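Have a look at the structure below before the remarks.
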Amino acid sequence: MENILGLVGTITGALGLLISILVVRWQVKVQVRSDRMAFLSDRIFDISIPRDLRQPFYEEYISMKGNGTAIKFWLLEGENKNREQATISK
């Protein structure tokens, strides 16, 4: 009986260790992704960088399934730029 309990305890401990390692690896991947998306959104919002140079950051942000205010900002900025060009050409 004691041998069975020891075996069950060992197996349970090993499974717990394996699961905790998998969870930590998953958390690291999520954190790296969050950090990259934060970097990309910062570049999208940085109007001191010309729009055409920010384009690759926007495209990568979209490819990472980014959405929200950074995308809305990019689209509104593009619409405003088009309006300005239309006004200038008149």
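Here are a few things to note about the model shown:
- Matching label, Cα extents along the principal axes in Å computed from the structure shown, candidates [x] 78, 19, 16; [y] 37, 36, 32; [z] 91, 17, 14: [z]
- Each Lys or Arg adds one and each Asp or Glu subtracts one; over the other residues with Cβ under 10 Å from the Cβ of residue 70, this totals +1.
- Put a plus charge on the Cβ of each Lys and Arg, a minus charge on the Cβ of each Asp and Glu, and nothing anywhere else: the dipole of the chain about its Cα centre is then about 240 debye.
- If a spin label sat at a point 7 angstrom from the Cα of residue 42 along the line to its beta carbon, the backbone N atoms of the stretch 61-79 nearer than 16 Å would be those of 61, 70.
- Helix-derived mean residue ellipticity, 222 nm - over the chain, DSSP H n ≥ 4, -39500 (n - 2.57), to 500: -31000 deg cm²/dmol
- Full extension of the chain between residue 28 and residue 5 gives 4.8 nm of extra length, using 0.36 nm per residue less the Cα-Cα distance.
- Hz values of 3J(HN,Hα) by residue in the stretch 40-54 - Karplus curve (6.51, -1.76, 1.60), Gly and Pro given as x: 5, 5, 4, 5, 5, 7, 7, 6, 6, 8, x, 4, 5, 7, 7
- Note on 26, 74: ascending count of other Cβ atoms within 10 Å places them as 26, 74, the fewest first.
Only the coordinates and a few stated rules stand behind these numbers; no lab work does. Keep in mind the model is a prediction, meaning the values are calculated, not measured. Virtual Cβ from ideal backbone geometry, glycine too; neighbours counted across all protein chains shown.
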